[in-house]
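The values are calculated or read from the model by the stated rules, or taken from the named source; none is laboratory data. Worth saying up front: this structure is predicted, and the values here are computed from it rather than measured. Counting neighbours? That spans all protein chains shown, and the Cβs are built from the backbone with ideal geometry, glycine included.
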Amino acid sequence: MEFLAAVLAIVALIFVLKMRKRVTELELRVAQLTGIATQLFVALAEEGITEGPIAESVARLYLNDLFNVKAANDKPDTLVLGCTHFPMLAGAIRAVVGPQVTLVDSAATTAQHVRKLLATRDALSSGETGDVRFLATDSVERFARVGSRFLGRAVAADEIELINL
């Protein structure tokens, strides 16, 4: 089976070139690989505008041309969310591309791969949780606000160390 895949990334060209190389290395059958630069998704995710008319309008702006073609065999069947911010917009993206398109969360697939790799090396944690240390180079208040969205838990500004690079 061949796939028609699209990749969403901040710098789409570089990401697509890397994906093409990896697809070749893995001998995957991808008929077409298209990249779409989607910088506004980062701002939406960081501002917490991940659902509703604004998020869906931006998703349409980026995705309509690619997914609203007449011939079904010209539409991508897979969409790689190539940035850690993009899974937060999965609902808005799904509303535009429809249920038939497979969304690939690159962060989740990377985490699964790392877990398998650690397991093969007998290096998985015993179940204890480690310490978390937050470092920021900008506003700790902004980091706390955005970090809370990404982590799904409250992050207080006093948990964050401001560093100067």
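Screening the candidates Leu162, Leu135, Leu151 for the property of being at pLDDT below 90 and surrounded by 11 or more Cβ atoms within 10 Å (Cβ to Cβ) yields one hit, Leu151.
Among the residues of the stretch 114-162, those identified as assigned to a loop (DSSP other than H, G, I, E, B), under 20 Å from Thr84 (Cβ atoms) and of a type in the set (Val, Ile, Thr) are Val132, Thr137, Val155. Candidates are the residues of the stretch 31-82 that are β-branched (Val, Ile, Thr), over 16 Å from Val104 (Cα atoms) and assigned to a loop (DSSP other than H, G, I, E, B); the one that is modelled with the lowest pLDDT is Val69.
I'd like to know if the stretch 77-89 contains one or more residues that are of a type in the set (D, E, K, R) and surrounded by fewer than 16 Cβ atoms within 10 Å (Cβ to Cβ). The answer is no, given that none of the residues of the stretch 77-89 is of a type in the set (D, E, K, R) and surrounded by fewer than 16 Cβ atoms within 10 Å (Cβ to Cβ). Taken as a whole, the condition of being surrounded by fewer than 13 Cβ atoms within 10 Å (Cβ to Cβ) and at pLDDT below 90 applies to Val114.
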